Amino acid sequence: MRGSLRYSGPVKPTRPGIASADRPRGGPFSSLLDQILHDRTALDGLAFAYAELAAPERHALVRAVLQDAADPTRALAALLAVEEEPRARRRLAGLIQRHGRVQQTAFLTGTGAEGEARLLQSLPNLDPESLRVAWKDSKIMLIEIESPYDLKMEATAPAVSVAVTVETLAPLLWKHIRAGGQLPEGVERFAGFFSGASSL
């Protein structure tokens, strides 16, 4: 005897997610992303929505941002600010460096044996932030993220090329990490400085 079908009420139609539909840029979501460039409330709303999603939906939202945003920099930075999973944070940081508009500047004093450096980066419409590193006897004594940027270093230290500063910092940071040294929370936001460094 065949089993009978039971009626369980109206079936709610499934709706494609933000990133599941194959569509050109446009519509309400891209309008929201464009609004983010000028509206802090819209930016906070996107970050709050992202924080409430499970991992697969977060990935989908990131893909949608990359597809729909004329400039994804600020949206990706907002998602990175609320993301807590280390692997996802590294991925977002990498996407910002590849697809965003990030202005980088470096300041350096001293030598590889003793000195201090700041890596300064700025995102559109956001306050700049810097990664400050100080070392002595070729050993890192301080690593901290400064925001807003402390202008005292700029006044006393020369701006040098990012490549030269990273060439000095990379082996020191590698030695620090290998020795079990701690890195400040959020340091992955500066990964773009070291993307071409062979020592890290």
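Laboratory data are not the source of any read-out in this text; all were calculated from the coordinates shown. Computed from a prediction, not measured in an experiment: that's the story for all the values here. Please note: Cβ atoms are built from the backbone with ideal geometry, for glycine as well, and neighbour counts cover all protein chains shown.
Below are the figures for this structure:
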| quantity | calculated |
| --- | --- |
| Environment charge at T111 (Cβ cut-off 13 Å; Lys +1, Arg +1, Asp -1, Glu -1) | -3 |
| Integer Hz, Karplus 6.51/-1.76/1.60 couplings in order for the stretch 39-44, x for Gly and Pro | 10, 5, 5, 5, 5, 5 |
| Stokes-Einstein translational diffusion, the stretch 28-99 - Kirkwood Rh over all Cα pairs, 1.306 mPa s, 10 °C, in µm²/s | 133 µm²/s |
| Positive minus negative residues near Q35 (Lys, Arg vs Asp, Glu; Cβ under 14 Å) | -3 |
